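The values are calculated or read from the model by the stated rules, or taken from the named source; none is laboratory data. Remember, predicted model here, so these are calculated numbers, not experimental data. A quick note on method: Cβ atoms are made from the backbone with ideal geometry, for glycine too, and the neighbour counts reach across all protein chains shown. These accessible areas exclude ligands, DNA and RNA; they are computed on the full protein's heavy atoms, side chains included. Shrake-Rupley method; radii C 1.70, N 1.55, O 1.52, S 1.80 Å.
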Amino acid sequence: MTRIGLLFALGVTLGLLAAWLWESDHSDRDGRGSAGSLPHINRTRNAASGAQRAYSSSERVPRPPKRPLVLDREAAALLPVVPGLIRWRDGRKRQAYLYRVMQPNDKRDLSKQRRWAHCLQCFGNQEDAHELDARFERLRAALAQATNPVARQNLIFLAAMTLEPNSARRLLDPIVAGDNAEDREDAVGALAFSGDAGMFATFRALPIRDAKVHRLVDSLPELELIAAAGTTAARRVLRSYRLIEALDRDPYFDIMSLVAPHDWMPPPNPSVETHERFLKTWLERYAGHPGSDDMGFRLGVLAVRRDDMLGAAVWFSRASTWPDQRVNDWGSPGHALRTCAEFFLDLGQLDHLLNTDGLQTPNRQWLQYVLVRRTAAEQGFEDGLRLAAAIATTEPETVLAQAWRERWAAPAPRGLMSGVTPLAPNDPLLAVANIATGPAMRVITGARVHRVTASRELTQTDREFWKRLAALEDQSRLYPSSESKAIDEARTAAQFRIWETLAELERRASRVRGDAAHDLIYKQGAIFYHEAANALLPTYQRGRRRQDSMMFSRVVTKARAQLVRHRFRDTSFGPLRAIALWRHLEQRATGYPGLDKALYSQGLAWRKMLDHEDAPVYHLPSHKEVVTGLVDAFDRCAQRFPQSPLARPASDASRYWRQRAPELFVR
């Protein structure tokens, strides 16, 4: 009987709870809004400079809209889980969201809040939080009562970011003049990074304290756990994050905008030079911080805006080897460095860049390769080979030197047997050396280790493997390699072999005349055509192709971006180099017996550029230009050499592409 009574009481309780949930769910439906998915959580954002706002003491700051918050599990970990506030929503996937309705008057003690989210909630969820005078009085009273180091830090930064500048100085000046060194550093830093020039000079003069910032902090809950400790050591770590928030007037983790309301005063718009001084000072004070790569990336962006591409490349190179190598909204330092080095810097600037810090220059081996490749592409293969030989002699332990020593062991490039007269079977250019190489040399990059999910059930051994893999990934993020991009040693050796072959063909062509020279030129074009991927294109890991120049499209004029991309395309893309050589034969070698092959091969080279995977990066000719070019080449072949065995396939190819794109050939 007792058991039946308990079951009955439980059923009644569950029914009442369900009725209450249903009523509360419908009572606030109009104010809730749709539950959308959260945006991608980045660590920092480059805050846009908004319009200046001037506030008087009697002006009312607009309050954030009153509506429940839709949070994911990461954000929910910061808030107390209140029974009855979990809602299930239907969709493609059934996911649990937490709705937490902020009370109009938060009864928590502001002076005791260690977690930044709780502090912002307690401060912002008051009926008078939009009045600046009320803000000032609440912060002054809370500072008088607060004793915990982290709680005092929260209040100091709140004062600097939520009060108008004069009121903030009036509240924080006594702390600046006080005896508490930690309070003083917080107050000076908060005012300095809020735009106070005098306080910035004072902040730079402060001694650099030992802050344990060299740790991974990937999410807001991890940062809040540090705050929950409430110690002086935690306060020093948190100061590095609060300073960036004071500079940006934006939370370090974007998800904070959903977790807690905040309405911070905009700082004065700093100049580019002032912004650079802020970031450089922060980097000097917090070496090894997981946000170092972001701050270095920002400095590079600021240099691009000043049209200082060399300075930008220096910062991008450094940032690509600093913790913690997470891609932000604008791309990654490695992509930006590649764009600078391959597109915008000249060869002299590139040489200066790789010697910025001597042998300790970040990405030195990769920059050496870029300099060698661009020298070969833009000045000639002889110059590129001489530079590669010099680097292999002076720095024999590099990947570039190892590839140089193994170049003759790579296969002979394709195309040497083409033309009218193939090379003799015993020609040295066809020989492959048997070189006994030492242990394989590899560049251990700081690239992220991508995890895969096994379809079968994980065993204990598998779990241990994933733990070790995660530890290795964290280690590579905290201690990134000095080389952010991996050079493919085998491909680089094959590329050097191609350059040696092309240089030798150029030397032979300069020593002979007539059809013999023309045939050697044809073979050069054939190598460019058949070895398009290895002849001159980079042999390092490029990553996501479409993001390489994304950031520069926002700050560089379209005409300049098009100019440098076309230079790269015309000097480095094999099919275009082949077309140029074969067109030279068509114009200058009218009696060459292999001219029909040169014309037909031009059409094949144009065809090779259709739907090329690198087209978005290198800005290859448009579809219209390519189709027009190949049809024109095939037509010239069929018309000028009607007796050639290539005339019919050329005519068929021309007819096919005219039918595929009739709109391009309407007269």
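Laid out as a table, the results:
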| read-out | value |
| --- | --- |
| Test for PRO174: is it open to solvent by 10 Å² or more (accessible area, probe 1.4 Å), of a type outside the set (S, T, N, Q) and without any contact (Cβ under 8 Å) to a residue 12 or more places away in the chain | yes |
| Test: residue in segment 557-571 that is among the hydroxyl-bearing types (Ser, Thr, Tyr), closer than 24 Å to GLY384 by Cβ, modelled with pLDDT of 90 or more and open to solvent by less than 70 Å² (accessible area, probe 1.4 Å) | yes |
| Unmet requirement for ILE226, which otherwise passes all of (1) touching a residue at least 60 places away in the same chain (Cβ under 8 Å); (2) under 17 Å from GLY291 (Cα atoms); (3) of a type outside the set (Lys, Arg) | (1) |
| Inter-residue pairs, beta-carbon under 6 Å, first under 17 Å from LEU163 (Cα atoms) and in segment 178-199, second in a helix (DSSP H, G or I) and not hydrophobic (A, V, I, L, M, F, W, C), 6+ apart | ASP186/GLN153; VAL188/THR202 |
| Condition check for GLU276: in a helix (DSSP H, G or I), acidic (Asp, Glu) and buried (at least 17 other Cβ atoms within 10 Å of the Cβ) | yes |
| Candidate set: segment 593-627, residues that are small (Gly, Ala, Ser) and open to solvent by 10 Å² or more (accessible area, probe 1.4 Å); chosen: the one modelled with the lowest pLDDT | ALA615 |
| Qualifying position, being charged (D, E, K, R) and within 14 Å of TRP264 (Cα to Cα), among GLU182, GLU164 | GLU164 |
| Residues (open to solvent by less than 20 Å² (accessible area, probe 1.4 Å) and out of contact with any Lys or Arg (no Cβ under 9 Å at 6 or more places or on another chain)) located in segment 260-273 | ALA260 |
| Lone unmet requirement of (1) of a type in the set (A, V, I, L, M); (2) under 25 Å from ARG209 (Cβ atoms); (3) part of a loop (DSSP other than H, G, I, E, B) for MET265 | (2) |
| Criterion violated by ALA312 - all others in (1) aliphatic (A, V, I, L, M); (2) surrounded by fewer than 24 Cβ atoms within 10 Å (Cβ to Cβ); (3) more than 30 Å from ASN434 (Cα to Cα) satisfied | (2) |
| Selection status of SER332, of a type in the set (S, T, N, Q), modelled with pLDDT under 90 and within 24 Å of SER219 (Cβ to Cβ) | yes |
| Residue match in segment 388-409 (condition: surrounded by 20 or more Cβ atoms within 10 Å (Cβ to Cβ), of a type in the set (Lys, Arg), in contact (Cβ under 8 Å) with a residue 24 or more places away in the chain and out of contact with any strand residue (DSSP E or B) (no Cβ under 8 Å at 6 or more places or on another chain)) | yes |
| Residue among LEU163, LEU172, LEU132, LEU139 that alone is modelled with pLDDT under 90, hydrophobic (A, V, I, L, M, F, W, C) and over 33 Å from the mean Cα position of the chain (by Cα) | LEU132 |
| Residue within segment 323-339 that is assigned to a helix (DSSP H, G or I), among the aliphatic types (A, V, I, L, M), surrounded by fewer than 21 Cβ atoms within 10 Å (Cβ to Cβ) and free of Cβ contacts under 8 Å to residues at least 12 places away in the same chain present | no |
| Criterion: charged (D, E, K, R), touching a helix residue (DSSP H, G or I) at 6+ places or on another chain (Cβ under 6 Å), open to solvent by 30 Å² or more (accessible area, probe 1.4 Å) and under 20 Å from GLY525 (Cβ atoms) - qualifying residue of ARG640, ARG658, ARG588, ARG577 | ARG577 |
| Selection from segment 522-541 of residues that are open to solvent by less than 10 Å² (accessible area, probe 1.4 Å), among the polar types (S, T, N, Q) and over 15 Å from LEU400 (Cα atoms) | none |
| Criterion (in contact with a Ser or Thr (Cβ under 7 Å, 6 or more places away or on another chain) and in a helix (DSSP H, G or I)) met by exactly one of LEU371, LEU302, LEU350, LEU283 | LEU283 |
| Single unsatisfied condition, ASP611 versus (1) under 23 Å from ALA377 (Cα atoms); (2) among the acidic types (Asp, Glu); (3) in a loop (DSSP other than H, G, I, E, B) | (1) |
| Test for ARG138: is it within 15 Å of GLY230 (Cα to Cα) and open to solvent by 40 Å² or more (accessible area, probe 1.4 Å) | no |
